[in-house]
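What follows is a short report on a single structure.
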Amino acid sequence: MTEKGKQGGRKTALITGATSGIGREFARVLAQRGYRLILVGRRHGRLEEIKESVSVPVRIITADLSQESQCRQLLHDLDDEQIDLFINDAGFGDCGRFVRTSLDKDVSMIHVNIIAMHILFKGILKKMTARGTHGSGQILNVASAAGLMPGGPFMATYYATKAYVTSLTRAVYVELREMHSHVHVSALCPGPVNTEFNEHADVVFALKGISAQQCVREAMAGLAAHRLIIVPSFTMKIAMAGQRLLPACLTVRLAGMQQKRKMG
């Protein structure tokens, strides 16, 4: 094992979307737990701020994950690394009528929320499963409660991208169990979280959001329990359980009513 891959016996956590919100909070919490960090994001200055605020080794990789070539280059840059925990967090949303929202923003969202997520999930998973007899490591794909719903009018593209994340994670989870693998994958599916997501999506949450601290705290508990789907907050757990009892067409209409309120 290379010195880069394992420094001082520490476990290494890779975090994409680390410059703000949930990703930044994961960096803080994992540093407190002694992980060496590999932080990936577009804003180098933000990554440097995190590096200076923690007392563990930090490697910074600046990348625009909306570019497939940079996703592939990131995997190449990680060739010598042993990743013990991967927080696959990069993503963003948008709000508005499908016929009026920007096609360029839709496509960029698909590139980040689906293509980048998929490339990095597959690449890091292959590294983890190749380790030892049954492999080792954990991957948390950051989805959304939106990914557990049949659709979301006025955030149609975002809901569809997050449904992809939850569907893929569920399928891979079953494959890994069939392989008797020691690699565990989970999907984090929070409702509203008070982060910069609102600004990038041009929305105001219709429901009160939880803090990034609560979201990450519950995510870490879910990872420790090897849960497949992690839904932070009791309120969202009840809401997600309840929506499964309703006809899909009604659930979609109710979701649309909630999203429309975000548009003011």
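Counting charges near Tyr164 (Lys, Arg +1; Asp, Glu -1) among other residues having Cβ under 15 Å from its Cβ returns a value of +2. Over all other residues within a Cβ to Cβ distance under 12 Å of Thr129, the charged ones net out to +3, with Lys and Arg as +1 and Asp and Glu as -1.
The ellipsoid equivalent to the alpha-carbon distribution of the chain has semi-axes of 30, 20, 17 angstrom, derived from the gyration tensor eigenvalues as √(5λ) and listed largest first. Put +1 on the Cβ of each Lys and Arg and -1 on the Cβ of each Asp and Glu in region 12-262; which of Met155, Val185, Phe86 then has its Cα farthest toward the positive end of the dipole? In region 12-262, that residue is Met155.
Once the chain from Val174 to Ala225 is taken as fully extended at 0.36 nm per residue, the excess over their C-alpha distance is 16.7 nm.
When region 12-262 is described by a simple charge dipole with +1 on each Lys and Arg Cβ and -1 on each Asp and Glu Cβ, the residue from Ala13, Thr62, Asn141 located farthest towards its positive end is Asn141. Count Lys and Arg as plus one, Asp and Glu as minus one, and take only other residues whose Cβ is under 13 Å from that of Ala146; the net charge is then +1. In a simple Cβ point-charge model (Lys, Arg +1; Asp, Glu -1; nothing else charged), region 1-136 has a dipole of about 320 debye relative to its Cα centre.
Computed from Cα atoms, the angle from the helix 156-178 axis to the main principal axis of the chain rounds to 50 degrees. The angle between the Cα long axis of helix 44-53 and the longest principal axis of the Cα atoms of the chain comes to about 60 degrees, rounded to the nearest 10. Placing +1 on the Cβ of every Lys and Arg and -1 on the Cβ of every Asp and Glu, with no other charges, gives region 12-262 a dipole of roughly 780 debye about its Cα centre. Over all projection directions, the Cα-based convex hull of region 6-129 averages an area of 7.9 nm².
Just so you know, all these numbers are worked out from the coordinates, no wet-lab data involved. What you are looking at is a predicted structure, and each value in this text was computed from that prediction instead of being measured. We place every Cβ from the backbone using ideal geometry, glycine too, and count neighbours over all the protein chains shown.
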